[in-house]
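Encoded as structure tokens, the structure appears first; notes follow it.
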Amino acid sequence: MLLDQGAQLAIYDPMVPESQVREKLDAGKDGSYVVCADAVTAAVDAQAIVVLTPWPEFRSANWHIVFDMMGRPARVFDGHNVLDRQLLEHIGFVVTTVGVRNGVV
């Protein structure tokens, strides 16, 4: 798990309450993660964003603002192939999609 490797996580899921996120994570790791109120807050100074849910909010996010908030290189890992890869790459993101080889599903 990333927390076991010393990662600092900013977590956001529009459908999961903060209490449930905290319940699932090791209580001893508290302080290594923060639960954020929105995706842009979670992106501040981040090295990477990992999209693990297909919620429409992620498709319609203002990725220009998200990019401006992140460190460089700004990376996006799209675990559901729900994001517009061409748009993200045009903005400047380094994009990795799961289950896609050379842009073909």
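The values are calculated or read from the model by the stated rules, or taken from the named source; none is laboratory data. This structure is a prediction, so every number in the text was calculated from the model and none was measured. Please note: Cβ atoms are built from the backbone with ideal geometry, for glycine as well, and neighbour counts cover all protein chains shown. Only protein heavy atoms, including side chains, enter the accessible area calculation; ligands, DNA and RNA are left aside. Shrake-Rupley method; radii C 1.70, N 1.55, O 1.52, S 1.80 Å.
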Just to be sure I understand, how many residues within segment 44-58 are open to solvent by 50 Å² or more (accessible area, probe 1.4 Å) and part of a strand (DSSP E or B)?
1
State yes or no: is L9 of a type in the set (A, V, I, L, M), in contact with a Phe, Trp or Tyr (Cβ under 6 Å, 6 or more places away or on another chain) and modelled with pLDDT under 90?
yes
Pull out all pairs, ordered by first then second residue, where Cβ-Cβ is under 6 Å, the residues are six or more apart or on different chains, the first lies in segment 78-100 and is farther than 16 Å from N62 by Cβ, and the second is open to solvent by less than 40 Å² (accessible area, probe 1.4 Å) and of a type in the set (D, E).
T97/D78
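Give me a count of the residues in segment 59-84 that are assigned to a helix (DSSP H, G or I), acidic (D, E) and open to solvent by less than 30 Å² (accessible area, probe 1.4 Å).
0
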Given the structure, is L87 under 21 Å from V16 (Cα atoms) and open to solvent by 30 Å² or more (accessible area, probe 1.4 Å)?
no
